[in-house]
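Enquirer: Structure incoming, see below.
Read-outs: derived from the displayed coordinates by stated rules, not from any lab. Note that the coordinates shown come from a computational prediction; the quantities given were computed from them, not determined experimentally. Neighbour counts run over all protein chains shown; Cβ positions are idealised from the backbone, glycine included.
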Amino acid sequence: MTEISFDRLLDTSGLKCPLPVIRARKLIKTMSPGTHLKIICTDPLADIDIPHMAATDGHQLLDKGRDGDQRWYALKIA
């Protein structure tokens, strides 16, 4: 995958479900369509919650990955 330039970064490390999704949705409301958001989480349930939120809300999940105990998700905002 090509390098993505992120417009915003949301670090929800240490927060448990459902807080990462709640914080992401709050931030996304302030973002313009077509911009990119990187979300960092440590909650293992984020592997289900973040992709589900993106699909439900119409955002595009561009990529996801893991670095140690951190999980990250790259979204293109709808």
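Enquirer: When you look at residue 69, is it of a type outside the set (A, V, I, L, M) and crowded, with 17+ Cβ neighbours inside 10 Å, yes or no?
Expert: no
Enquirer: Return yes when residue 16 is of a type outside the set (Val, Ile, Thr), exposed (fewer than 14 other Cβ atoms within 10 Å of the Cβ) and in a loop (DSSP other than H, G, I, E, B) and no when it is not.
Expert: Criteria met by residue 16.
Enquirer: Kindly list the number of the only condition in (1) surrounded by 12 or more Cβ atoms within 10 Å (Cβ to Cβ); (2) out of contact with any helix residue (DSSP H, G or I) (no Cβ under 8 Å at 6 or more places or on another chain); (3) not in a loop (DSSP other than H, G, I, E, B) that fails for residue 4.
Expert: Against the list (1) surrounded by 12 or more Cβ atoms within 10 Å (Cβ to Cβ); (2) out of contact with any helix residue (DSSP H, G or I) (no Cβ under 8 Å at 6 or more places or on another chain); (3) not in a loop (DSSP other than H, G, I, E, B), residue 4 comes up short only on (3).
Enquirer: Can you tell me which of 47, 43 is in contact with a Leu (Cβ under 7 Å, 6 or more places away or on another chain), under 18 Å from residue 64 (Cβ atoms) and not small (Gly, Ala, Ser)?
Expert: 43
Enquirer: Can you tell me which residues in region 24-44 are buried (at least 16 other Cβ atoms within 10 Å of the Cβ) and basic (Lys, Arg)?
Expert: If the condition is that a residue be buried (at least 16 other Cβ atoms within 10 Å of the Cβ) and basic (Lys, Arg), then 38 is the only one that fits.
Enquirer: Go through region 32-78 and count every residue that is part of a helix (DSSP H, G or I) and either touching an Asp or Glu at 6+ places or on another chain (Cβ under 9 Å) or without any contact (Cβ under 8 Å) to a residue 12 or more places away in the chain (or both).
Expert: Adding up the residues that qualify gives 5.
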